[in-house]
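In what follows, a single structure is set out as structure tokens and then discussed.
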Amino acid sequence: RADSGQAAQQDGKRDRRLLNMVDQATKETVQKLPLLSVKAGPRDGDDWIKRMKEEYTALIAYQKFNKEAGNEWFTIESNKTGTRWTGKVWTYHEQLRYEFDLEFDLPVAYPGTPPELALPELDGKTEKMYRGGKICLDSHFRPLWARNVPHFGIAHAMALGMGPWLAVEIPSLVALGRIKHADDAK
């Protein structure tokens, strides 16, 4: 039992370290997001419908916070079953807007497994990405997600995964010349 107590203490420290790496505005936003309660995946019938309602409630709340703060940075929608999501994400660097297609499928084990958010047009342009343009969230985000099942959802993945990834990686990719603004590419 002492070992499990020590493990829980280590997990708590790891969560605090991750949150320390996220900027204060992101922390405040995530704390405002509703936590989800239904632990259901795409194969769980009526419970999945309840989960999807929670997902949309959290996404709408997140978009509302972003709009009020003048910080809208993504659009997203799902297919009829809620298993395939697409949209756009954008970030500004040196007063230029960089916009990318977003796509992901919810894994069969969702919400026990986080979605793999992908920006296909950036595939192969950074080491912090997997085949198909899936952004790398392994070392920082996945442990936090695992400890917050079923409370985290797509809005949390966007806030704690995609947002910080864009903020760090896009300026780096521009500086390295791996991506160019649409106006410069002409």
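With respect to being touching a helix residue (DSSP H, G or I) at 6+ places or on another chain (Cβ under 7 Å) and either without any contact (Cβ under 8 Å) to a residue 60 or more places away in the chain or within 24 Å of T81 (Cβ to Cβ) (or both), L117 fits the description. Per the conditions (1) in contact with a strand residue (DSSP E or B) (Cβ under 9 Å, 6 or more places away or on another chain); (2) in contact (Cβ under 8 Å) with a residue 24 or more places away in the chain, the sole criterion not satisfied by N79 is (2). Tell me, please, whether a residue that is modelled with pLDDT of 95 or more, assigned to a helix (DSSP H, G or I) and of a type in the set (A, V, I, L, M) can be found in the range 138-156. Yes, some residue in the range 138-156 is modelled with pLDDT of 95 or more, assigned to a helix (DSSP H, G or I) and of a type in the set (A, V, I, L, M). Screening the range 81-100 for residues that are of a type in the set (S, T, Y) and out of contact with any Pro (no Cβ under 9 Å at 6 or more places or on another chain) and picking the one that is surrounded by the most Cβ atoms within 10 Å (Cβ to Cβ) gives Y98.
Could you go through the range 101-113 and let me know if any residue there is under 20 Å from L160 (Cβ atoms) and loosely packed, with under 13 Cβ neighbours inside 10 Å. It would help to see each step written out before you state the result.
Pass one, the range 101-113, residues under 20 Å from L160 (Cβ atoms): 102-107, 109-113.
Okay, now just the ones that are also loosely packed, with under 13 Cβ neighbours inside 10 Å, so 109.
Among the residues of the range 101-113, at least one is under 20 Å from L160 (Cβ atoms) and loosely packed, with under 13 Cβ neighbours inside 10 Å, which makes the answer yes.
Say whether the condition of being over 30 Å from A40 (Cα atoms) and within 15 Å of the chain's Cα centre (by Cα) is met by at least one residue in the range 149-167. It would help to see each step written out before you state the result.
First pass over the range 149-167, keeping only residues over 30 Å from A40 (Cα atoms): 167.
Remaining after also requiring within 15 Å of the chain's Cα centre (by Cα): 167.
Looking for residues that are over 30 Å from A40 (Cα atoms) and within 15 Å of the chain's Cα centre (by Cα), one finds at least one in the range 149-167, hence yes.
The set of residues in the range 121-152 being open to solvent by 50 Å² or more (accessible area, probe 1.4 Å) and within 18 Å of I76 (Cα to Cα) consists of E121, K134.
Just name the residue that is most open to solvent (accessible area, probe 1.4 Å) out of those in the range 153-181 that are free of Cβ contacts under 8 Å to residues at least 60 places away in the same chain and of a type in the set (A, V, I, L, M).
If we filter the range 153-181 for residues that are free of Cβ contacts under 8 Å to residues at least 60 places away in the same chain, which is where we start, we get 157, 161, 165, 168-169, 172-173, 175-178, 180.
Checking which are of a type in the set (A, V, I, L, M) leaves us with 157, 168, 173, 175-176.
Numbers: A157: 1, V168: 91, L173: 2, A175: 89, L176: 107 Å².
So the residue we want is L176.
Criterion applied to T81, T113 was being closer than 22 Å to I60 by Cβ and not acidic (D, E), and the one residue passing it is T81. Considering the range 169-181, the residues that are farther than 27 Å from S78 by Cβ, part of a helix (DSSP H, G or I) and not polar (S, T, N, Q) include one that is farthest from the chain's Cα centre (by Cα), namely A175.
Which of the residues belonging to the range 43-61 are of a type outside the set (A, V, I, L, M, F, W, C), surrounded by fewer than 18 Cβ atoms within 10 Å (Cβ to Cβ) and in contact (Cβ under 8 Å) with a residue 60 or more places away in the chain?
R43
The values are calculated or read from the model by the stated rules, or taken from the named source; none is laboratory data. Computed from a predicted structure; not experimentally measured. Neighbour counts are summed over all protein chains in view; Cβ atoms, including those assigned to glycine, are modelled from backbone coordinates with ideal geometry. All accessible areas refer to the heavy atoms of the entire protein, side chains included, with ligands and DNA or RNA removed. Shrake-Rupley method; radii C 1.70, N 1.55, O 1.52, S 1.80 Å.
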